[in-house]
Amino acid sequence: MKQKEYQSKQIMPGIWVLYGFSEECCIYVVEGERKVALIDNGMGTGDLHRAVEKLAPGKPIVAINTHCHFDHSAGNFQFPEVYMHPACYPDQDETESTPCPREVEYEDLPRYDTKRIPVHEGDVFDLGGVTLEVVETPGHTPGCICLLDRTHRVLFGGDMIGSNAHNIWMLRSLPWVTFSTVSMECYLRSLRKVEKLGDAYDGFLGGHDACVLGKEYLTELIRMAESIIDGTAKPYHPEMPSPPGQPPVVCWKLDGENVPTAILYQDEVIFDRK
Ligand SMILES: [Zn+2]
């Protein structure tokens, strides 16, 4: 069977998104003069090297994960090394391959014993004329990072920023994935940290749905997180089903306002653990 191909869409000169497979996150390609960065890699179902080569021929790929969720990182096996925050793998050996969470036909794709290379606050990927700076932003998961591109004046937010059509998930766990062991208070600190960097970017590229989000979107997220913490939040979607054996899930939007996203959370994750 012929391998399905990724399609690409240019967001702006030097930045593309790859798509074409279901359930995937946004897979961003950022081209510099010497290297090309691949920010997240989706479910890994297609040939990522071939897809990047079409856009930025002959340039080495720097593979980075914004966080560990499998819809962002299951394609890690296609790369000999992937950069991610160490909180993504606190209990695992650094050289352990990322396990594939489900059965997928990978056909003839190369498979590496992927080495995880830790990144921390302030680390810089120099692609040649374009840099990506690591901003630690725990919240959605403990190991979430954002990447600041001062050249294109965008901040890649992963699921920490979400998107118009993709809610912010702040849940302790669901049966099929572990989310956050950090709190809404911690998430709010991360949002404010990103807000403080606002002079360096004009908008966000979120982890799902490739469109540039304006700064007003961040302002709304901050207001939502503040409302949840100060107790003024009321459930937007009270019939949201709770996962079996898990605390109830609450979905919150600002009352009566046209906020494009929502925060899903469980009460037990609101406050820092003392
Ligand atoms: Zn996620």
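Rundown of residues vs (1) in contact with a helix residue (DSSP H, G or I) (Cβ under 9 Å, 6 or more places away or on another chain); (2) part of a helix (DSSP H, G or I); (3) at pLDDT 90 or above, yes/no style:
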| position | (1), (2), (3) |
| --- | --- |
| Ala210 | no, no, no |
| Tyr217 | yes, yes, no |
| Glu220 | no, yes, no |
| Arg223 | no, yes, no |
| Ser227 | no, yes, no |
| Ala233 | yes, no, no |
| Tyr236 | no, no, no |
| Glu239 | no, no, no |
| Pro247 | yes, no, no |
query: part of a loop (DSSP other than H, G, I, E, B), modelled with pLDDT under 95 and over 18 Å from Tyr265 (Cβ atoms) - does that describe any residue in the stretch 161-170?
result: yes
task: Kindly indicate whether Thr141 is within 16 Å of the ligand (Cβ to nearest atom), at pLDDT below 90 and either surrounded by 14 or more Cβ atoms within 10 Å (Cβ to Cβ) or at positive phi (or both).
output: yes
- prompt: Is one or more of the residues making up the stretch 254-264 closer than 26 Å to Leu197 by Cβ, in a loop (DSSP other than H, G, I, E, B) and at pLDDT 80 or above?
  reply: no
- prompt: Which ranges mark the strands (runs of 3 or more DSSP E) fully within the stretch 1-120 that have 3 or more residues being at pLDDT 85 or above and of a type in the set (S, T, N, Q)?
  reply: 7-12
- request: Could you grab me the full set of residues in the stretch 16-35 that are surrounded by fewer than 24 Cβ atoms within 10 Å (Cβ to Cβ) and of a type in the set (Val, Ile, Thr)?
  value: Val17
message: Considering only the stretch 70-82, I want to know if a residue exists there that is away from the ligand (no atom under 16 Å from the Cβ) and more than 21 Å from Thr141 (Cβ to Cβ).
response: yes
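The values are calculated or read from the model by the stated rules, or taken from the named source; none is laboratory data. As the structure is a prediction and not an experimental result, all values here were calculated from the model. A quick note on method: Cβ atoms are made from the backbone with ideal geometry, for glycine too, and the neighbour counts reach across all protein chains shown.
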